[in-house]
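The values are calculated or read from the model by the stated rules, or taken from the named source; none is laboratory data. Predicted model only: the values in this text are computed from it and were never measured. FYI the Cβ positions are ideal-geometry reconstructions off the backbone, even for glycines, and counts take in every protein chain you see. The protein model used for the area step is the full one, side chains on, heavy atoms only, and it has no ligands, DNA or RNA in it. Shrake-Rupley method; radii C 1.70, N 1.55, O 1.52, S 1.80 Å.
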Amino acid sequence: MIISKSVEDTIAAGRKIGASARAGDVFALVGDLGAGKTQLVKGIARGLGADAEVTSPTFTLIHEYAGGRLPLYHFDFYRLESKAEVLRLGIDEYLFADGVCVVEWADRFRELMPQSSRWISIRARESGERVIETTAVR
Ligand SMILES: Nc1ncnc2c1ncn2[C@@H]1O[C@H](COP(=O)(O)OP(=O)(O)O)[C@@H](O)[C@H]1O
Ligand SMILES: [Mg+2]
């Protein structure tokens, strides 16, 4: 468990995850709006060596960040309507490939997530600190 007291702490936590990520890794992020999931992804991109701007994909399924040690594919299930829609958009091509995938709101369609996904939750405490922890498969 990591206690993050600032955006920089959260990015640093992501950076460690990215630095040790391997081809095929899938990170499933869980947490409310504003918890810091996208900031964590920014850190993961940095940890992989990509310095692209990181924002959540809103009108497309995916944001792809090249330039790092491995390609990073960033998804956000928040606005997607159904499991069928996500599948139709072709997510499996990425989830079962050799890049690194990170999915915000992965618990919305947890059945779509590979068994080997690593689940990470992030939540805000009343103090504003964030608690980042790896959780058991959900
Ligand atoms: N410790 C922290 N870690 C991450 N974000 C924080 C932290 N403290 C404050 N914030 C703020 O919370 C917001 C998190 O936004 P974002 O990463 O987009 O959340 P999410 O993707 O979970 O909806 C940002 O505005 C950020 O500045
Ligand atoms: Mg987000």
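Per residue, the solvent-accessible area of the chain (1.4 Å probe, heavy atoms of protein chains only, all protein chains present) comes to 52 Å².
Scalar couplings 3J(HN,Hα) for segment 85-94, obtained by applying the Karplus form with A = 6.51, B = -1.76, C = 1.60 to θ = phi - 60°, are 5, 4, 5, 4, 6, x, 4, 4, 4, 8 Hz; x denotes Gly and Pro.
Residues whose amide H lies under 5 Å from that of F27, counting only those 5 or more places away or on a different chain, are C101, V102, V103, R118; hydrogens are built 1.01 Å from N in the peptide plane. In the assembled protein chains, T38 presents an accessible area of approximately 40 Å² (probe radius 1.4 Å).
Entry for the chain at q = 0.17 Å⁻¹: log10 I(q)/I(0) = -0.85, Debye formula applied to identical alpha-carbon scatterers, no solvent contribution.
Antiparallel beta bridges, as assigned by DSSP with both residues in the chain, represent about 50 percent of the total such bridges. Placing unit charges on the Cβ atoms only, positive for Lys and Arg and negative for Asp and Glu, gives the chain a dipole magnitude near 320 debye about its Cα centre. Taking the protein heavy atoms of the chain in the context of the full set of protein chains, the accessible area attributed to carbon and sulfur is 49 percent at 1.4 Å. Applied to segment 30-40, the Karplus parametrisation 6.51 cos²θ - 1.76 cosθ + 1.60 on θ = phi - 60° returns per-residue 3J(HN,Hα) values of 10, x, 5, 4, x, 5, x, 4, 5, 5, 5 Hz, with x for Gly and Pro. Remark: spin-label model distance D51-E85 equals 3.6 nm, labels positioned 7 Å along the Cα→Cβ axis.
Calculated mean residue ellipticity at 222 nm for the chain: -7500 deg cm²/dmol, from DSSP H runs with n ≥ 4 weighted as -39500 (n - 2.57), summed, divided by the residue count and rounded to 500.
Taking other residues whose beta carbon is less than 14 angstrom from the beta carbon of I62, and scoring Lys, Arg as +1 and Asp, Glu as -1, yields -4.
Note the count of lysine pairs whose C-alpha atoms are less than 18 angstrom apart in the chain, limited to pairs 8 or more residues apart or on different chains.
Numbers: K5/K16; K5/K37; K5/K42; K16/K37; K16/K42.
Qualifying lysine pairs in the chain: 5.
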